[in-house]
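Novice: Okay, here's the structure, questions in a sec.
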Ligand code: FAD
Ligand code: 2HG
Ligand code: ZN
């Protein structure tokens, strides 16, 4: 084929010494340098308990200047650094592989400004997503992004991961709603791209590079984001279907009939529902009988009567045509929240059951569930649970397979089978969770080697010593 196998030159990186710690203590507050083994445990371990690092120090800067000083020093000393937000990453990107310094943003959590006319929020990267949501609720605005990890994840982490979540269908990806960023580069340079403008075609749009860069190109310290006004009318329905084909027909009909008021369209199978009901004793199945699939549709608009009229007409049609088996329209704020809690808690419930192998893929909607069924056949009775759910409105499936423990033999049943399956369908091996430490080796299933080489050129230009989140995102070998 004419291409040759090349090895990336691995950078020679140092380990933290006592002198380094003394240096960090010279300009950071005492509480910002954690070295106690007990304190380090939650920072070294990921949410899934699948990836474990061995860092000796967590640095918790309070200002952008602190971050700049830390990185400048680390770059000169060739000390590797893992930026960490809420540590809810599902691909092992937020914890060290070896003994990298953990740079936690959790002490940088101030809201900087809010412009009610433009709906533009500026804040530190370490603000917890849910806290921003609460702040904005008082101003009658919402964040354009929402996800099950909102209580822990940071807006900086969301940006670094280019997280998708439950509102992407309506508000698009962060590539659209992010207006500006403040980023500290590997050598300590502060890149002030904190624009609050919607339109700004002055040269390259540098902020886009950092969205989804997973801590490998710079440390995000500030965010400027467009926040939509809060809708007056919100509705959620929970529907059951007997077949995946019915789920697809419901989606088609919802797009036609609910169009501009539809703000989310999610699906889950009965194994996913079973897991969450078993985990959360306060929640019940909203429909009378358990079926094979369920759909959650949310509408949000400005006129309650108009939205409800549309929704009722849609429900009558899908029920009348036998597309859905049953359905419930939330009648209260509590029921609204409970239906969303069912969907949002799937991940947590599976995590409680065992070791979860997660595949977050984009696929043509018509083929999505075939992957879950093929995996069920392949895994047989070896898994505790195999289930499929996700943002079907965006073509994003979450295939989760739970085993009693993480073991190579389990992984080998699933990988590379899943990735090859997805690649054959021209899908993406990472729809929204990123590449992290889990997937550099399979990046080529969704990206050409030419594209991977350009990525590497960008990485080398911005981080020539390779100190930022090493061993993540880019494969060690490229063709
Ligand atoms: P972390 O996990 O700490 O880090 C994520 C990545 O970004 C790492 O590579 C890290 O090095 C880097 N990083 C973090 N902060 C910075 C920074 N300030 N500067 C530079 N790099 C940084 N993802 C979705 O897309 N959609 C979902 O619906 C969704 N739901 C989830 C539900 C649950 C229960 C959980 C546990 C996770 C979910 N995720 C989802 C995955 C995850 O991407 C998001 O939770 C979130 O975006 C991660 O934010 P965080 O602050 O925890 O970042
Ligand atoms: C969700 O949509 C998250 O609930 C998590 O992206 C998915 O855990 C998963 O696989
Ligand atoms: Zn998701």
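Novice: Defining a contact as two alpha carbons under 8 Å apart and six or more residues distant in sequence, what relative contact order in percent does segment 143-293 show? Can you show the working numbers first?
Specialist: Details: 181 pairs, mean separation 37.2, N = 151.
RCO, segment 143-293: 25 percent.
Novice: Please rank 296, 454, 422, 183, fewest neighbouring Cβ atoms within 10 Å first, as an exposure proxy.
Specialist: Listed from fewest to most nearby Cβ atoms, that is 454, 296, 422, 183.
Novice: I'd like to compare 172-179, 213-220: which one has the highest average count of other Cβ atoms within 10 Å, and what's the full order after that?
Specialist: With the highest mean Cβ count within 10 Å placed first, the list reads 213-220, 172-179.
Novice: In whole Å, what is the distance between the alpha-carbon centres of segment 245-291 and segment 111-143?
Specialist: 30 Å
Novice: Mind jotting down a quarter of the surface of the convex hull over the alpha carbons of segment 183-271, in square nanometres, one decimal? All intermediate terms of the calculation are to be shown ahead of the outcome.
Specialist: Numbers: hull surface 40.3 nm².
Mean projected area of the Cα convex hull: 10.1 nm².
Novice: What list do you get for 182, 411, 193 if you sort them by fewest beta carbons within 10 Å?
Specialist: 411, 193, 182
Novice: Further question: Run lengths n ≥ 4 of DSSP H only: what is the helix-derived mean residue ellipticity at 222 nm for the chain, with -39500 (n - 2.57) per run over all residues, to the nearest 500?
Specialist: Dividing the helical sum by the residues of the chain leaves -10000 deg cm²/dmol.
Novice: Rounded, prolate or oblate, given the Cα gyration tensor of segment 30-107, with a/c below 1.5 counting as rounded?
Specialist: Prolate, because a/c is 1.5 or more and a/b exceeds b/c.
Novice: What does the C-alpha gyration tensor say about the overall shape of segment 349-393? Classify as rounded when a/c is under 1.5, otherwise prolate if a/b is larger than b/c, or oblate.
Specialist: Numbers: a/c = 2.77, a/b = 1.40, b/c = 1.97.
Since a/c reaches 1.5 but b/c is at least a/b, the shape of segment 349-393 is classed as oblate.
Novice: Additional query: With labels modelled as points extended 7 Å from the Cα through the Cβ direction, what inter-label distance (nm, one decimal) is found for residue 130 paired with residue 335?
Specialist: So the two model labels end up 2.5 nm from each other.
Novice: Which order do the peptides 118-125, 201-208 take when ranked by the mean count of other beta-carbon atoms within 10 Å per residue, highest first? Please report the intermediate quantities before stating the final value.
Specialist: Numbers: 118-125: 21.4, 201-208: 11.5.
Most protected by this proxy first, the peptides run 118-125, 201-208.
Novice: Taking a ≥ b ≥ c as the square roots of the Cα gyration tensor eigenvalues, with a/c under 1.5 meaning rounded and otherwise prolate when a/b beats b/c, else oblate, which class fits the chain?
Specialist: Note, shape of the chain comes out prolate.
Novice: Now for a separate question. Can you give the extra length, in nm with one decimal, that the chain gains between residue 424 and residue 367 once fully stretched, where that is 0.36 nm per residue apart less the Cα-Cα distance?
Specialist: 19.4 nm
Novice: Report, in degrees rounded to the nearest 10, the 0 to 90 angle that the Cα long axis of helix 333-344 makes with the longest principal axis of the chain.
Specialist: Helix 333-344 and the main axis of the chain meet at about 60 degrees.
Novice: Another question, then. Expressed as cubic angstrom per residue, what is the convex hull volume of the alpha carbon set of segment 437-479? Before the final figure, lay out each step's value.
Specialist: Numbers: hull volume 2.7 nm³, N = 43.
Convex hull of Cα atoms, per residue: 63 Å³.
Novice: Three principal axis extents, largest first, for the C-alpha atoms of segment 270-405, in Å?
Specialist: On the principal axes, segment 270-405 reaches 50, 34, 27 Å in Cα extent.
Every number in this text was worked out from the coordinates using simple rules, so none of it is lab data. Everything numeric in this text was worked out from a predicted model, so none of it was measured. With ideal geometry, Cβ positions are generated from the backbone for all residues, glycine too; neighbour counts draw on all protein chains shown.
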